[in-house]
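**Student:** Here it is: the structure, laid out below.
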Amino acid sequence: MARLLVVVPHETDPPARLGDWLRAADCELDERHQGLGEPLPETLEGYDGMVVLGGPQSALDDEATSPELVPVRDLLRQALDADLPTLAICLGGQLLAQVGGGSVREGIDGPEVGALLVAKRDRADADPLFGPLPLSPDVMQFHHDEIAELPTGATLLASSPMYANQAFRVGRHVYGVQFHIETTPEVIHEWAERDVVGVAASPWDRDTICRLSDEAHPHIEAVWAPFAGRFADLVRARARQAA
């Protein structure tokens, strides 16, 4: 069975439905919950892929502010060097952009919050994961920072009206996304309760954000569960190569 390292920087963003989809696709998940004090491995030896999730930390935090992000960055560098199948989400995607030579900054147009759409870019049509997606798939957004510059040599795969760098690939197998696909309605309800600033910056109040996210989640599952299956295909192919 293909083995995935799943990095959970904060308990507010668990693997949730993405974890279920990957297990259903015959991946064994080694979840490391940093907020619970679980250490990360020093290397990616023995893993066929990696998922890095989000959290309330900022990719702009220094080592003193968020020391737990230091080993995450190190593992992402290793994944880039090895072209290991990787899916880095929101904070994870921002960290990936940084270690790959790109940059992150506070979002110049403010927070992007709620159930929204992203649009595939032309080069996404030839991508094995993004190609089969609809032109404008549903996603969940909850971020204050933005990926200002993509990693060196990255391929842009999706954009939104607020922030252009929503999804990208580095090499053949390393992916970063600014948005969320893993959430449950309950997770979004918690975020909407916690993120007072983000909710205040959005066009909707908290109750409306929660209602719209509840309505969007079935559409997100319909599109992104098969996407997770295609990512699992990459991981299983890597496992076969290593066998």
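**Student:** Within the set of pairs 6 or more residues apart or between chains, which connect a residue that is more than 22 Å from THR183 (Cβ to Cβ) and in contact (Cβ under 8 Å) with a residue 40 or more places away in the chain inside region 51-76 to a residue that is in a loop (DSSP other than H, G, I, E, B) and open to solvent by 10 Å² or more (accessible area, probe 1.4 Å) with Cβ atoms less than 9 Å apart?
**Tutor:** Matching pairs, first to second residue: LEU75/LEU40; LEU75/PRO41; LEU75/GLU42; LEU75/THR43; LEU75/LEU44.
**Student:** If a residue has to be open to solvent by 10 Å² or more (accessible area, probe 1.4 Å), within 22 Å of LEU156 (Cβ to Cβ) and assigned to a loop (DSSP other than H, G, I, E, B) to count, how many in region 58-83 make the cut?
**Tutor:** 2
Residues checked against (1) touching a residue at least 24 places away in the same chain (Cβ under 8 Å); (2) not in a strand (DSSP E or B):
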site	(1), (2)
ILE147	yes, no
LEU157	yes, no
ALA164	no, yes
ARG169	yes, no
TYR175	yes, no
THR183	yes, yes
GLU186	no, yes
GLU193	no, yes
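**Student:** Tell me which residues, restricted to region 3-30, are within 18 Å of ALA88 (Cβ to Cβ) and either at pLDDT below 95 or small (Gly, Ala, Ser) (or both).
**Tutor:** ALA16, GLY19
**Student:** I would also like to ask the following. Looking only at residues in region 105-132 that are aliphatic (A, V, I, L, M) and out of contact with any helix residue (DSSP H, G or I) (no Cβ under 6 Å at 6 or more places or on another chain), which one is most open to solvent (accessible area, probe 1.4 Å)? Quick ask: steps written out before the conclusion?
**Tutor:** Of region 105-132, the ones aliphatic (A, V, I, L, M) are 108, 113, 115-119, 124, 126, 129.
Checking the rest, the ones that are also out of contact with any helix residue (DSSP H, G or I) (no Cβ under 6 Å at 6 or more places or on another chain) come to 108, 116-119, 124, 126.
Numbers: ILE108: 112, LEU116: 48, LEU117: 89, VAL118: 5, ALA119: 40, ALA124: 0, ALA126: 94 Å².
If we take residues in region 105-132 being aliphatic (A, V, I, L, M) and out of contact with any helix residue (DSSP H, G or I) (no Cβ under 6 Å at 6 or more places or on another chain), then ILE108 is most open to solvent (accessible area, probe 1.4 Å).
**Student:** Cβ-Cβ below 6 Å, separation at least six or inter-chain, first residue in region 211-230 and open to solvent by 30 Å² or more (accessible area, probe 1.4 Å), second of a type in the set (A, V, I, L, M): which pairs?
**Tutor:** These pairs meet every condition: LEU212/ALA115; ARG230/LEU129.
**Student:** Examine region 145-160 for a residue that is at negative phi and at pLDDT below 95, and state whether such a residue exists.
**Tutor:** First pass over region 145-160, keeping only residues at negative phi: 145-152, 154-160.
Filter once more, keeping what is at pLDDT below 95: 152.
Yes.
**Student:** Can you give me the number of residues within region 1-15 that are of a type in the set (Val, Ile, Thr) and touching a Phe, Trp or Tyr at 6+ places or on another chain (Cβ under 8 Å)? Spell out the reasoning first.
**Tutor:** As a first pass, look at region 1-15 and keep what is of a type in the set (Val, Ile, Thr): 6-8, 12.
Right, trim to touching a Phe, Trp or Tyr at 6+ places or on another chain (Cβ under 8 Å) and you get 12.
Result for region 1-15: 1.
**Student:** Residues of region 11-50 being assigned to a loop (DSSP other than H, G, I, E, B), open to solvent by 50 Å² or more (accessible area, probe 1.4 Å) and over 17 Å from ALA79 (Cβ atoms), which ones?
**Tutor:** GLU11, ASP26, GLY37, GLU38, PRO39 - these are the residues of region 11-50 that are assigned to a loop (DSSP other than H, G, I, E, B), open to solvent by 50 Å² or more (accessible area, probe 1.4 Å) and over 17 Å from ALA79 (Cβ atoms).
**Student:** Right, something else. Filter region 84-100 down to residues that are among the β-branched types (Val, Ile, Thr) and not in a helix (DSSP H, G or I) and give me whichever is farthest from GLU149 (Cα to Cα).
**Tutor:** Of everything passing the filter in region 84-100, THR86 is farthest from GLU149 (Cα to Cα).
**Student:** Right, next: Could you check ASP138 against (1) open to solvent by less than 40 Å² (accessible area, probe 1.4 Å); (2) touching a residue at least 60 places away in the same chain (Cβ under 8 Å); (3) touching a helix residue (DSSP H, G or I) at 6+ places or on another chain (Cβ under 6 Å); (4) on the phi < 0 side of the Ramachandran plot and say which number it fails?
**Tutor:** (1)
**Student:** Between a residue in region 22-50 that is more than 21 Å from THR12 (Cα to Cα) and any residue that is surrounded by 13 or more Cβ atoms within 10 Å (Cβ to Cβ) and among the hydroxyl-bearing types (Ser, Thr, Tyr), which pairs come within a Cβ distance under 8 Å, given they are 6 or more apart or on different chains?
**Tutor:** PRO41/TYR47; GLY49/THR86
The values are calculated or read from the model by the stated rules, or taken from the named source; none is laboratory data. Please read all numbers here as calculations on a predicted model, not as lab measurements. For neighbour counting, all protein chains shown are included, and Cβ atoms are generated from backbone atoms with ideal geometry for every residue, glycine included. What goes into the accessible areas is simple: the full protein's heavy atoms, side chains included, and nothing from ligands, DNA or RNA. Shrake-Rupley method; radii C 1.70, N 1.55, O 1.52, S 1.80 Å.
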